[in-house]
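Read the structure below first, then the notes.
The values are calculated or read from the model by the stated rules, or taken from the named source; none is laboratory data. Because the structure is a prediction, the values reported are computed rather than measured. Cβ placement follows ideal geometry from the backbone for every residue including glycine, while neighbour counts extend to all protein chains displayed.
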Amino acid sequence: MHVNGTISGTRVLVVDDQAEAVQDVCDFLQASGYLCIPAHTSAQAIERFQDDDAIGLVLCELQMPELDGIGLLRALKQIAGPQRPFAAILLAGRAGKHEVISAMREGFADYYEKPVMLADLLEGLQRQDAALLERKRNVEELGTLNQRLQDLAESIDGLYHDLERARGQGPYRRATDIEHEIPDDKLPEMFNKLSPRQLEVAKLVSQGKTNYQIACELGITENTVKLYVSQVLRLTHMHNRTQLALALTPHSAPWHQRFTAH
């Protein structure tokens, strides 16, 4: 099949220590619509793969001097990382069955014995090209999804900051709120009976927060807050929320004096 121009945007790296074999494959594939990058050693292949992000298909001889096809594939995978999908096809002439199996386990997508029927090789290359395009779409969609999730997380974080600012919590907590709290080591003895969560609810009640506000701040339901408040009142022998608030507020606090004034 001969067509004018390139029909695929995926470049093919053809690696073989036999220059004539590389030339034959490149001529055929380029006449069939693929732009080929020749390499006669694994070192050349690594350099060209690293320099050209458009290379997505690799045709590689298994048995080569210095670094064989399996070693080359490992090097290319390390360069590519998770964000650059590519597919490698193994070409083998004198390889034994166990060598081919090892190569396929390493990650070669397909395997052809030499001498290769170029028409068959083209069909296999086209299949891998289509699969590669699908993998790239998935990577792009995943990247878009991750970005949307990150944007959503930042938006939620912003809402929490706005909520804290509106309620005077966290870094926006007023100095007067801190001044008008009794330190834990100076709480009335009756509060020693409370669990850490019960004491947390009691302190929020003493700040004048509603059950709904407490539920939002602690990430629990309003009914659970009501249950905690009931437990706190029972364990401290308090009759209502006002008594509880007064017990947890220093006598010097202005609103404490206002409630207790005669």
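Details
- Residue check: Asp110 meets all listed conditions (1) loosely packed, with under 14 Cβ neighbours inside 10 Å; (2) in contact with a helix residue (DSSP H, G or I) (Cβ under 9 Å, 6 or more places away or on another chain); (3) charged (D, E, K, R) but one, namely (1).
- Pair list, Cβ under 6 Å, 6 or more apart: the range 76-87 residue more than 17 Å from Glu134 (Cα to Cα), other residue assigned to a helix (DSSP H, G or I): Leu76/Phe49; Ile79/Gln50
- Single residue of the range 1-18 satisfying the filter (part of a loop (DSSP other than H, G, I, E, B) and modelled with pLDDT of 90 or more) that is farthest from the chain's Cα centre (by Cα): Gln18
- Among the residues making up the range 194-239, those that are under 36 Å from the mean Cα position of the chain (by Cα) and of a type in the set (Gly, Ala, Ser) are Ala215, Gly219.
- Considering Ala31, Ala39, Ala45, Ala92, the condition of being farther than 23 Å from Glu134 by Cα, out of contact with any Ser or Thr (no Cβ under 6 Å at 6 or more places or on another chain) and surrounded by fewer than 17 Cβ atoms within 10 Å (Cβ to Cβ) is satisfied by Ala31 alone.
Yes/no per residue for (1) surrounded by 12 or more Cβ atoms within 10 Å (Cβ to Cβ); (2) in contact with a helix residue (DSSP H, G or I) (Cβ under 8 Å, 6 or more places away or on another chain); (3) modelled with pLDDT under 90:
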site	(1), (2), (3)
Glu61	yes, yes, no
Gly69	yes, yes, no
Arg84	yes, no, yes
Lys97	no, no, yes
Val100	yes, no, yes
